[in-house]
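Report on the following structure.
The values are calculated or read from the model by the stated rules, or taken from the named source; none is laboratory data. No experiment lies behind these values; they were computed from the predicted model shown. Note that each Cβ is placed from the backbone with ideal geometry, even for glycine, and that neighbours are counted across all protein chains shown. We work out accessible area using only protein heavy atoms, side chains counted, and drop any ligands, DNA or RNA first. Shrake-Rupley method; radii C 1.70, N 1.55, O 1.52, S 1.80 Å.
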Amino acid sequence: MSSTPSGGGSTGPVAVELRGITKRFPGVVANHDIDITVAPGTVHAIVGENGAGKSTLMKTLYGMHKPDEGQIHVKGQEVRFGSPSDAIRHGIGMVHQHFMLADNLTVLENVVLGAERRHGIGNKARERIRTLSAQYGLGVDPDRLMEDLGVGDRQRVEILKVLYRGAETIILDEPTAVLVPQEVDELFDNLRELKREGLTVIFISHKLDEVLSVADEITVIRRGTTVATADPRTTTARELATLMVGGELPVPELRESTVTDHVVLSLNGVTVSSPDGRDVVDDVSVDIHKGEIVGIAGVEGNGQSELIEAIMGMRRTSAGRISLEGEDITSWSTLRIREAGVGYIPEDRHRHGVLLESPLWENRVLGHQTRTPSVRGPWIDRTGARKDSERIVAEYDVRTPNIDVIADALSGGNQQKFIIGREMSGEPRFLVAAHPTRGVDVGAQNAIWEQLREARAEGLAVLLISADLDELIGMSDTLHVILRGRLVAEADPATVTPEQLGSAMTGAGLESDGQERTGADPGAGEEENEGGA
């Protein structure tokens, strides 16, 4: 391994330099004396565990926060940013982990929104978008409607947005979190093209193998400060994990089978229609047994969200039946489903997981208002809620100064750990786990996987939705592929590869080696293949 202490950056040309950056919030020092030097025309990765300060640092560089101490230098000149607009004027753009796109607008309209003065909103803007798309190999059509685009294309639109505004340094926050392997490869091809054109990329990720494959230099942040820079040509994922969290890289895996014959949740012909009458979930049937984790793989937008919402009573079905241990719950309310012992780790923690402006102890009872030790009749037991919140913080290593901090003050990964601690504390008999480790570091990943393994061994039935194919393969007893709202294939987690699974997710089907096609009939399978992704 080749690494240098913090602050050991390049002595050549500099695109961006952070010197002694410190950022404090009430009760928290998010960044302390951070030094990072980014060379132009490179991909510079920043890695660190949840709460290490990566996102705060990048928001400071992008003008969303003002540093309490330290300086930012762009191309050798000290700059002071009061807003993202200032950062954009200095050639710095940021693609956030959660896309900021309007589905009812075209690519062109999304790209020019807020930047109309550059090239107007008509043909001149359209030609500029086409030129940039061709120049950087993005393959984006300015006249496509955003709702018709897949996740990979949406991400390219986000990159195009910052290029359109003149960005020379692009910050990418967890850019591969929602991509299948083929889309990750395409993104990395795009990044290499950006490099060839002289642009600079700052790449934040928890996926160390990806960092090693695409980065020219890696900065490791731990507990709010830089601890090392590493050369990806001579560093391993194991060594990076040790620098980040002081431990080894975890592997998602199940041990001996705990699957029983007892069906906990049964979906029988479940169909969900959109407001315009399209079937977004189409005739889905699957049984999930006690002690079993059933994984569903699919490119986002293929019905997973609607299926989850139907199970949780948040969306009405148009056909089919949902049963919980033999009892029909198809028309039950979300409250009744939760009271029946169904846990829920939502795919969007900000929409359905936490109240961002409420303290952690109040979030402890969210979704559990009628069945926790923190509730007495119609009243919340403040003392009980606080005590149990402290237990969750300790057991799940939630990095927070205290339980009175509002949820929005925590990093995304720490919010996720708190949600999982809350849901597992409810002792559910069935758990919907949607992207349970999205945005969490390697140490937290391992803790979450271990919690799922232990709960499975005690009889918990789990529906696992994830964009991390290694997680799906390693943590599933049974694995299905969803495409256009239908379960089109079943894969054997013991033999399937991420590449094979990714192909099936885009409509190419599963290959041999123990994989089997389970479409409704041969003709249906052929139709899916012909349709592509």
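Protection proxy ranking of 254-263, 85-94, by the mean of other Cβ atoms within 10 Å over each peptide's residues and highest first, is 85-94, 254-263. Extension gain, residue 135 to residue 121, is 3.0 nm, computed as 0.36 nm per intervening residue step minus the present C-alpha separation. Of the listed pairs 66/417; 66/387; 54/161; 207/387; 161/195, which have alpha-carbon separations greater than 25 Å here? Beyond 25 Å between Cα atoms: 66/417; 66/387; 207/387. Overall, the ratio between the Cα radius of gyration of the chain and 2.2 N^0.38 Å, rounded to two decimals, is 0.99.
Relative to its residue count, region 165-219 spans a Cα convex hull of 89 Å³ per residue.
The Cα atoms of region 199-316 define a convex hull whose projected area, averaged across directions, is 12.6 nm².
Cβ-Cβ distance of residue 260 and residue 331, R₀ of 35 Å, FRET efficiency by 1/(1 + (r/R0)^6): the value works out to about 0.80.
In region 30-186, taking the dipole from charged Cβ atoms about the Cα centre, the farthest positive-side position among 149, 67, 123 is held by 123. Both numbers refer to the Cα atoms of region 294-365; Rg and Dmax are 13.9, 40 Å. Taking a ≥ b ≥ c as the square roots of the Cα gyration tensor eigenvalues, region 120-183 comes out oblate, since a/c reaches at least 1.5 and a/b does not exceed b/c.
Here region 70-188 is treated as a Stokes sphere of Kirkwood radius computed over C-alpha pairs; at 10 °C and 1.306 mPa s its diffusion coefficient rounds to 106 µm²/s. On the basis of the beta-carbon distance and an R0 of 56 Å, residue 268 and residue 350 show a calculated FRET efficiency of 0.95. Given points 7 Å out from each Cα along the Cα-Cβ axis, report the residue 234 to residue 495 separation in nanometres with one decimal. Going from the residue 234 label point to the residue 495 one covers 4.3 nm. Extension gain, residue 77-residue 406: 0.36 nm per intervening residue step, less the Cα-Cα distance, totals 114.8 nm. Ignoring ligands, DNA and RNA, please state the percent of accessible area on the chain from carbon and sulfur, probe 1.4 Å. The nonpolar share, carbon plus sulfur, comes to 46 percent.
Applying 0.36 nm per residue to the separation of residue 25 and residue 193 and subtracting their alpha-carbon distance, the gain on full extension is 56.7 nm. Dipole magnitude for region 309-368: about 100 debye, using +1 per Lys or Arg Cβ and -1 per Asp or Glu Cβ, origin at the Cα centre. Rounded to the nearest 20, the size of the Cβ-charge dipole of the chain about its Cα centre is 2400 debye, with Lys and Arg at +1 and Asp and Glu at -1. Along its three principal directions, the equivalent ellipsoid of region 62-113 from the Cα gyration tensor extends over semi-axes of 28, 12, 8 Å, largest first.
Computed from the Cβ-Cβ distance with R0 of 22 Å, the FRET efficiency linking residue 102 to residue 318 stands at 0.25. Computed per residue of the chain from DSSP H runs no shorter than four, each worth -39500 (n - 2.57), the mean residue ellipticity at 222 nm is -9500 deg cm²/dmol. For region 179-248, the spread of Cα positions along the three principal axes, ordered from largest to smallest, is 34, 26, 23 Å. Positive contributions from Lys and Arg (+1) and negative ones from Asp and Glu (-1), summed over other residues with Cβ under 11 Å from the Cβ of residue 69, come out at +2.
Overall form of region 327-458: oblate. Here a/c, set by the Cα gyration tensor axes a ≥ b ≥ c, is 1.5 or more, and a/b is not larger than b/c.
Taken along its principal axes, the alpha carbon cloud of region 94-149 reaches lengths of 28, 24, 23 Å, longest axis first.
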